[in-house]
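**Student:** Questions regarding the structure given below will be posed in turn.
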Amino acid sequence: MATCSTNSDSVDELDDPGAAPYGNFINYYTFNPPENRLGLIPATLLQDLGYSNGHRTTLILDVGCNSGDLSVAFYKHLVQEPVCEEESDRSQVHLLGFDLDEALIQRAQQTNPLPSNISFIPLDITTDGSQLQDYLDQRGCSHFQLCLCLAVTMWVHLNHGDRGLLQLLSRLASISQHLLLEAQPWKCYRSAARRLRKLGRSDFDHFKTLKIRGDIAEHAREHLERHCGMELIQSFGNTAWDRKLLLFRRR
Ligand SMILES: C[S@@+](CC[C@H](N)C(=O)[O-])C[C@H]1O[C@@H](n2cnc3c(N)ncnc32)[C@H](O)[C@@H]1O
């Protein structure tokens, strides 16, 4: 398994993590199926956040969506299938998933069961934010109502350093009304670095020099609350991999 496990730092390695230096595992959902996390998220989340008005467009962003399995499952979990056309909430809720890995995005596009409601684009969030702004502008919206950033922070942190992590959080906060964050804990960093070493590869560029370490979720919360105008409003508990699912809202 190309990740860290729940109750120890040991990992089963079913594939070569060296081939996925950005967490772009080709088989991610075989070892972390969407249900693992969806079970913690209420199906009424959009209503709970005040986005149930069928006349308004709700935009959801999924950062680092991999092959799109969770994006689709998340959408279906939150937006019920209409009984009749008039009742359709689906026409009003759109999800945009993006990932830096073009092959994963191609797979997501090819297997997308709801192309009118869900779209996938290739994008590296560390280099380009304008495409997201264009997407919002085209729909006359200033923000995504909900942004998912699940299991992505560590990869940006390891590959782009402390600055990259903080920039990611700031950027997402600037375009989101609500942000659902699952930050990998520090033990995952150690596992990821150890796996690279085992393979005889050089360390992640930034691993040894990171100053942000320890309780990563707490560091993220602090940055979002102190510098990005967001506040933590809910924790959905811990996932099977012992990661917190935290919901932030623009103040
Ligand atoms: C471990 S997977 C998590 C996938 C999904 N978010 C989930 O939780 O099910 C991390 C994903 O983040 C993507 N990723 C890493 N850095 C990225 C970046 N700078 N821009 C866009 N995607 C990125 C990887 O390609 C990978 O597909």
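The values are calculated or read from the model by the stated rules, or taken from the named source; none is laboratory data. None of these values were measured; they are calculated from a predicted model. Quick reminder, even Gly has a Cβ in these numbers, built from the backbone with ideal geometry, and neighbours come from all protein chains shown.
**Student:** Checking LEU232 against (1) part of a loop (DSSP other than H, G, I, E, B); (2) touching a Phe, Trp or Tyr at 6+ places or on another chain (Cβ under 9 Å); (3) farther than 22 Å from ASP69 by Cβ; (4) modelled with pLDDT of 95 or more: exactly one of these is not met. Which one?
**Tutor:** Here LEU232 clears every test but (1).
**Student:** Kindly check whether there is at least one residue in region 77-92 that is modelled with pLDDT under 95, touching a helix residue (DSSP H, G or I) at 6+ places or on another chain (Cβ under 7 Å), away from the ligand (no atom under 16 Å from the Cβ) and among the hydrophobic types (A, V, I, L, M, F, W, C).
**Tutor:** yes
**Student:** Please state which of the following conditions ASP128 fails to meet, knowing it meets all the rest: (1) over 18 Å from the mean Cα position of the chain (by Cα); (2) at pLDDT below 95.
**Tutor:** (1)
**Student:** Has region 193-215 got any residue that is out of contact with any helix residue (DSSP H, G or I) (no Cβ under 9 Å at 6 or more places or on another chain) and either within 29 Å of GLY39 (Cβ to Cβ) or modelled with pLDDT of 95 or more (or both)?
**Tutor:** No, that holds for no residue.
**Student:** Right, something else. Could you give me the residue pairs with C-beta distances under 8 Å whose first residue belongs to region 208-237 and is surrounded by fewer than 16 Cβ atoms within 10 Å (Cβ to Cβ), whose second residue is assigned to a loop (DSSP other than H, G, I, E, B) wherever it lies, and which are 6+ apart or on separate chains?
**Tutor:** If the second residue must be assigned to a loop (DSSP other than H, G, I, E, B), the pairs left are ASP215/PRO185; GLY229/ARG251; GLU231/ARG251; GLY237/LEU40.
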